[in-house]
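This report refers to the structure that appears directly beneath it.
The values are calculated or read from the model by the stated rules, or taken from the named source; none is laboratory data. Just so it is clear, the model here is predicted, and its values are computed rather than measured. For neighbour counting, all protein chains shown are included, and Cβ atoms are generated from backbone atoms with ideal geometry for every residue, glycine included.
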Amino acid sequence: MRKKREEGEREKVIVLGGMIGVGKTTYAESIADHLSSQVFYESVDNNPLLDKFYADKKRWAFALQIFFLNKRFKSIKKALHNKNNVLDRSIYEDALFARINYESGNMSQAEFDCYIELLENMMEELEGMPKKAPDLFIYLQASFDTIEERIQKRGRDFEQFDNNPDLEAYMKNLHSRYDDWVFNHYNASEILVINADKYDITQKEDAQEVLAQIDQRLVELEKENKRRIS
């Protein structure tokens, strides 16, 4: 299914977004393989703070947000410099998580203000990159039932919320905010919505259909770009 890049074809930077557990890494790997590009992974499995955050959000929310912000800044800088990459989560979503933690009382006003100032400084730095922004944001949209099922299937102990009402409330709040953030606040690039309830990219037929949608959108974007510069 690997797509051979044609001579002169514009290199693409694609970022994926969506709820915790929706399957971003699996999608990113399939897309990267298809487009012969590199994957930049979210720092989860080697994250020294994530399990601490789930155990005590008020104690660890700010530290976790700074950890993720730093890692995502490094990743987007490399991606925009190399110009042909897929990111399974990017810096653009980071503020959504920080705001929810702030509004939930997990971060103080001073911590949130510090975070926002740092994020704004980082975003200004991206203006100096060879590419200024991603070419496409792929939003993996799914119901909360699908998210819950995939989190259970993934099996990370600290993410399970069957007997953790506080964590379940956090996840539901995050899920309820995603559509608004994507459609009303994200403006760095064009958006492609993939129905993650409908498609399982680990299945061959679903993967073919999803990758065909991505190919079509990239072709459309390339045509739009040529019209703008002609």
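General remarks:
- In region 107-123, the residues that are closer than 23 Å to Met19 by Cα, touching a Phe, Trp or Tyr at 6+ places or on another chain (Cβ under 8 Å) and not aromatic (Phe, Trp, Tyr): Met107
- The residue pairs whose first member lies in region 212-230 and is closer than 21 Å to Val15 by Cβ and in contact (Cβ under 8 Å) with a residue 12 or more places away in the chain, whose second member is outside any helix (DSSP H, G or I) and acidic (Asp, Glu), and whose beta carbons are closer than 7 Å, counting only pairs six or more residues apart or on different chains, are Leu221/Asp135; Leu221/Glu190.
- Any hit, region 73-80, residues being among the aliphatic types (A, V, I, L, M), at pLDDT 95 or above and either over 25 Å from Asp197 (Cβ atoms) or more than 17 Å from the chain's Cα centre (by Cα) (or both): no
- Conditions (1) free of Cβ contacts under 8 Å to residues at least 60 places away in the same chain; (2) in a helix (DSSP H, G or I): number failed by Met171: (1)
- Pairs are defined by a Cβ separation below 8 Å, a sequence spacing of at least 6 or placement on different chains, a first member in region 26-38 that is farther than 20 Å from Lys77 by Cβ, and a second member that is hydroxyl-bearing (Ser, Thr, Tyr) and not in a helix (DSSP H, G or I); the pairs so defined are Thr26/Thr202; Ile31/Ser37.
- Residue in region 183-202 that is surrounded by 12 or more Cβ atoms within 10 Å (Cβ to Cβ), touching a residue at least 60 places away in the same chain (Cβ under 8 Å) and part of a helix (DSSP H, G or I) present: no
- Conditions (1) surrounded by 16 or more Cβ atoms within 10 Å (Cβ to Cβ); (2) at pLDDT 95 or above; (3) in a helix (DSSP H, G or I); number of the one not met by Ile138: (3)
- Of all the numbered requirements in (1) among the aliphatic types (A, V, I, L, M); (2) surrounded by fewer than 16 Cβ atoms within 10 Å (Cβ to Cβ); (3) over 19 Å from Leu35 (Cβ atoms), Ile151 misses one, and that requirement is (2).
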